[in-house]
1. How long are the three semi-axes of the equivalent ellipsoid for region 105-169, computed from the Cα gyration tensor as the root of 5 times each eigenvalue, in whole Å, largest first?
2. Solvent-accessible area per residue for region 1-152 at a 1.4 Å probe radius, Å²?
3. Please compute the contact order of region 66-162 in relative form: average sequence separation of alpha-carbon pairs under 8 Å and at least six residues apart, divided by the residue count, as a percent.
4. Ignoring ligands, DNA and RNA, what percent of the accessible area of region 25-79 is carbon or sulfur (1.4 Å)?
5. Rounded to the nearest 500 deg cm²/dmol, what is the calculated helix-only ellipticity per residue at 222 nm for the chain, with -39500 (n - 2.57) per DSSP H run of length n ≥ 4?
6. Which of Ser112, Ser96, Ser11 moves most in a GNM of the chain, Cα contacts under 10 Å?
7. Let me confirm the definition first: pairs of Lys residues in the chain, 8 or more apart or on different chains, C-alpha distance under 21 Å. How many are there?
8. Can you list the HN-Hα couplings for region 32-40, worked out from phi with the Karplus curve (6.51, -1.76, 1.60; θ = phi - 60°), rounded to whole Hz and with x for Gly and Pro?
Amino acid sequence: LGDNRGAIADSDRAIELDPRIANAYINRGAAKVNLGDNRGAIADLDRATELDPRANAYRDRGAAKANLGDNQGAIADFDRAIELDPRIAKVYANRSQAKLNLGDDQGALADSDRAIELDPRDASAYGNRGAAKLKLGDNRGAIADLDRAIELDPRIANAYANRGGAKSS
């Protein structure tokens with residue numbers, strides 16, 4: 001529902017009552033990522049993975065690390081999430097962005113392909129695939145993917161910027 005502060009309050013109460021509930025740390029960590037408290041999120045998600053290592057904890061911790069510019073750390077967490085559950089499309093989409101940030105365009109392309117295969121409505125996966133194709137010189141393919149990303153979510157500014165780059169190249 002987008003009530004991140006409410007999610008944190010409920011998670012705080014759950015942790016007060018039983019500090020061994022991994023899901024409370026996962027939920028609080030995810031809400032903190034949404035609010036931009038990436039360091040706080042990492043602390044919660046570290047605790048969650050100690051209690052019960054789950055794919056979504058590694059996914060969210062990877063997102064927090066990526067937000068802090070730690071793309072290598074993010075990829076390590078995304079790799080672990082995939083080992084635990086290879087069916088979460090958002091993990092592949094997030095890992096593709098981290099790989100793009102590190103210049104691994106082929107790896108980003110492969111991860112975007114997998115994310116789209118798992119969830120054909122993931123706008124970020126199309127945006128990342130378009131960015132990878134642009135970097136690899138496939139401007140027409142980039143435009144097609146960026147068009148799809150914009151169709152799915154017209155608020156992705158990078159999709160417009162990358163599409164403009166592909167059109168001008």
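The values are calculated or read from the model by the stated rules, or taken from the named source; none is laboratory data. This one's a predicted model, so the numbers in the text were calculated from it and none came from an experiment. To get the accessible areas, we keep the full protein, side chains included, count just its heavy atoms, and leave off ligands, DNA and RNA. Shrake-Rupley method; radii C 1.70, N 1.55, O 1.52, S 1.80 Å.
1. In descending order the semi-axes read 16, 14, 8 Å.
2. 48 Å²
3. 20 percent
4. 39 percent
5. Mean residue ellipticity, 222 nm, calculated: -25500 deg cm²/dmol.
6. In the Gaussian network model the winner is Ser11.
7. Within the chain, the lysine pair count is 10.
8. 5, 4, 4, 8, x, 8, 5, 5, x
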